[in-house]
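These notes are about the structure you will find just below.
The values are calculated or read from the model by the stated rules, or taken from the named source; none is laboratory data. Being a predicted model, the structure only gives us computed values, none of them experimental. Glycine also receives a Cβ, built like all others from the backbone with ideal geometry; neighbour counts cover every protein chain displayed.
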Amino acid sequence: MKRILIASVLFCASLFAASTPLHVSVDIFTNKAFLNKEFGLEKYGYISTKVPVFIKLSDLKYQIAKDCSIDKTSLSNKKEASNEQLQNLTKQKTQIQYELKAVYAKNELLKTLSLQNQADLSKVEQTSQFLAQNVITNLNKIDELQQKIADLDKKIASLQTLIKPFKELSVTYTCQAQKQKLTISYPQKEIKQNSFYNINANTNNKSVAIEKKVNIFYTGVENFSQIDINIYSYGFNKNSLPMVFYPRYIGGKKVVAYDKIASKPLMATPQQRNVVFHQLQTKSVYTIKNTHLILGENNLIDVDKKVLDANFQTIIDGYGTNRAYLQATITTKKDYASSTAKYFLNSKPISSRYLQRIQKGKETKLYFGEDEQIQITKKLIKTLSEKTFFGDKEISTQNWEYTLTNKKPFSTKISFLERVPVSKNGDIKVKVFAQPKENFQNAKGLIRWDFSLQPNEEKKIIFGYEISSSK
């Protein structure tokens, strides 16, 4: 019986137990995050690691070497978390409280000193000054120590709200060979990320710089250092399959819906190197290497910066605000996901607005505010509505004269845009007047003049149209 017991004890002691991961990575999608912990395996053993309290066994995903198997998994009940930083703050508070008690005791001792039996008046004066000076010093010290305790109390209270209870995940495994690996992945609700761009147009060197930044706030069950953060350009399980196909029946038959196509969750594998951009088969991902996630910290990460060649010109929307705007045309070598963006012109802030997705290899136009040095005046020179002599046709005519002046000390490329009504009725005809003749007009009614203006040069454009309708 003793031999069996000793053998059992030796076997349990020989199990390889791992609680510290070899590597940790975080996959952050636009709407969800996953934590991946990679552990080293021996021939047999178990792994113990902390997970958030909301995790269920069904939430866990395992990637294990093919010659290994997971024998058993279990989750403990909720446990209260301890935190080294909180313990250090509590120790600091205790030390200051001890120091405060010592100062109080010193003050009480000073109160016991008496001057009644002192005959030498010079010594009375000297002793009273000593007492007064020390009492004032002690009172100041008490105020200082009490303020330190109050500051520590605030830090402790703030940290206590961040330290959350957890569950203990235990995984027992066996392998055919040593030095294998197991990756455990699970959702991480405590990671909040906010990505944005800083977009700076430099008119001096004809370029646009696009900086991608991500702010990550973390409140979990443990701190992480030397981890990789993978930031994906899309939402988890979002737009992962086509819309359901419904046949269209004519004659009153009911609509029958085809079954939806099942979609599998996408779990990303850990990436490598410092800040790396990867163009995946259908999406893109940035990997930030060797960073950290600390409870309660805002982590502002500089993800990427690219300086792109840009063509600048001034766009005038005569059909809308009738103002001039600086436009930069760029072409990128990578995709940029939609996000909020701050716009700068020669490093000066211009605006903050939403940036639509930029596709690689596709010409993209960005705008950097109003160009106030291009002056525009618009004058209505003709408006007329009339009928033909026989009354079988109505004619409406409108003409405007635009005067454009360049107040810059250098030549400026300009595109002037206007709008022509588009007829969808064969009985309605539209005739355009343009002087000088436009450079471009499309089927949607956009009409455009392209030209350059020298310093202080003035250009006039007469634009109008005639709409005639037959009865």
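Of all residues in region 278-298, those being buried (at least 17 other Cβ atoms within 10 Å of the Cβ) and either modelled with pLDDT of 85 or more or out of contact with any helix residue (DSSP H, G or I) (no Cβ under 9 Å at 6 or more places or on another chain) (or both) number 7. Just so you know, in region 163-194 the residues that are surrounded by fewer than 20 Cβ atoms within 10 Å (Cβ to Cβ) and small (G, A, S) include one that is farthest from the chain's Cα centre (by Cα), and it is A177.
Please go through region 431-447 and pick out each residue that is buried (at least 16 other Cβ atoms within 10 Å of the Cβ) and part of a strand (DSSP E or B). V432, A434, I447, listed by residue number. Might you check whether a residue that is within 16 Å of L35 (Cα to Cα) and either modelled with pLDDT of 75 or more or not in a strand (DSSP E or B) (or both) occurs anywhere in region 198-216? Yes, region 198-216 contains a residue that is within 16 Å of L35 (Cα to Cα) and either modelled with pLDDT of 75 or more or not in a strand (DSSP E or B) (or both).
Say we look at region 47-90 and pick out the residues that are touching a Phe, Trp or Tyr at 6+ places or on another chain (Cβ under 7 Å) and small (G, A, S); which of these is surrounded by the fewest Cβ atoms within 10 Å (Cβ to Cβ)? By that ranking, first place goes to S69. Within region 175-184, can one find any residue that is within 30 Å of T219 (Cβ to Cβ) and not hydrophobic (A, V, I, L, M, F, W, C)? Checked region 175-184: at least one residue is within 30 Å of T219 (Cβ to Cβ) and not hydrophobic (A, V, I, L, M, F, W, C). Taking every residue in region 317-336 that is closer than 12 Å to I374 by Cβ and pairing it with any residue that is among the β-branched types (V, I, T) and in a loop (DSSP other than H, G, I, E, B), at least 6 positions away or on another chain, the pairs with Cβ-Cβ distances below 8 Å are L326/T203. Pairs needed: first member in region 129-152, assigned by TED's automatic domain parsing to the domain that holds A102 and modelled with pLDDT under 85; second member anywhere, outside any helix (DSSP H, G or I) and surrounded by 11 or more Cβ atoms within 10 Å (Cβ to Cβ); C-beta distance under 7 Å; at least 6 residues apart or different chains. From residues that are assigned by TED's automatic domain parsing to the domain that holds A102 and modelled with pLDDT under 85, the pairs are L131/L113. For region 348-384, a residue qualifies if it is of a type in the set (F, W, Y) and closer than 23 Å to G235 by Cα, and exactly one does: Y354. Exactly one residue out of L384, L380 is among the aliphatic types (A, V, I, L, M) and at pLDDT 90 or above: that is L380.
Let's see how each residue does on (1) in contact (Cβ under 8 Å) with a residue 12 or more places away in the chain; (2) within 16 Å of Y465 (Cβ to Cβ):
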{"site": "T364", "(1), (2)": "yes, no"}
{"site": "G369", "(1), (2)": "yes, no"}
{"site": "E386", "(1), (2)": "no, yes"}
{"site": "Q398", "(1), (2)": "yes, yes"}
{"site": "S411", "(1), (2)": "yes, no"}
{"site": "I414", "(1), (2)": "yes, no"}
{"site": "E418", "(1), (2)": "yes, yes"}
{"site": "P421", "(1), (2)": "yes, yes"}
{"site": "K424", "(1), (2)": "no, yes"}
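Does E401 count as within 30 Å of L326 (Cα to Cα) and outside any strand (DSSP E or B)? Here the answer is no, as E401 does not meet what is asked. Residue under question is I428, and the condition is that it be among the hydrophobic types (A, V, I, L, M, F, W, C) and modelled with pLDDT under 95; does it hold? Criteria met by I428.
Residue-wise test of (1) of a type in the set (A, V, I, L, M, F, W, C); (2) in a strand (DSSP E or B); (3) modelled with pLDDT of 90 or more; (4) closer than 30 Å to V285 by Cα.
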residue: V26; (1), (2), (3), (4): yes, yes, yes, yes
residue: L35; (1), (2), (3), (4): yes, yes, yes, yes
residue: I55; (1), (2), (3), (4): yes, no, yes, yes
residue: S58; (1), (2), (3), (4): no, no, yes, yes
residue: Y62; (1), (2), (3), (4): no, yes, yes, yes
residue: A81; (1), (2), (3), (4): yes, no, no, no
residue: L89; (1), (2), (3), (4): yes, no, no, no
residue: L100; (1), (2), (3), (4): yes, no, no, no
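Among the residues making up region 318-370, those that are modelled with pLDDT of 90 or more and among the aliphatic types (A, V, I, L, M) are A324, L326, A328, I330, A341, L345, I350, L355, I358, L366.
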